[in-house]
Amino acid sequence: MEKMMEILKGVRSDVDFENETALIDDGVLDSFDIISIVSEFNEAFDIEINVDELEPYNFNTVSAMYELIEKLQNEG
């Protein structure tokens, strides 16, 4: 979780990721942010987030992103 938070803060240091619950729905993160986050997650966690996982609910909250990372790591 700590590594994930470092990545998120690196992409958007102005966002309160711990308390935001609608990062996508409220337009806090845009498509460029998501591309950056996905790229960083893939590299840092040795996973492959594919197109099927690029759903808003996977990126709306920190916990959803964490669950996605864990799921992909367990599959790999």
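Each reported figure results from applying straightforward, stated rules to the coordinates on display, with no laboratory input. This is a predicted model, so every value here is computed, not measured. Cβ coordinates were reconstructed from backbone atoms using ideal geometry, including for glycine residues, and neighbour counts include every protein chain displayed.
Counting every other Cβ atom within 10 Å of each residue's Cβ, V51, V15 order from fewest to most as V51, V15.
Each of L68, G27, N42 was placed along the dipole of the chain (beta-carbon charges, centred on the mean Cα), and the one lying farthest toward the positive end is N42.
Modelled label positions at I35 and K9, each set 7 Å beyond Cα in the direction of Cβ, lie 2.6 nm from each other.
Using alpha carbons only, the radius of gyration of the chain set against its Kirkwood radius gives Rg/Rh = 0.91. Between L54 and E2, the modelled labels are 3.2 nm apart [label points 7 Å from Cα along Cα→Cβ]. Taking GluC sites (Glu not before Pro) across the chain, the ones in a DSSP loop with at most 13 further Cβ atoms lying within 10 angstrom of their Cβ are E18, E48.
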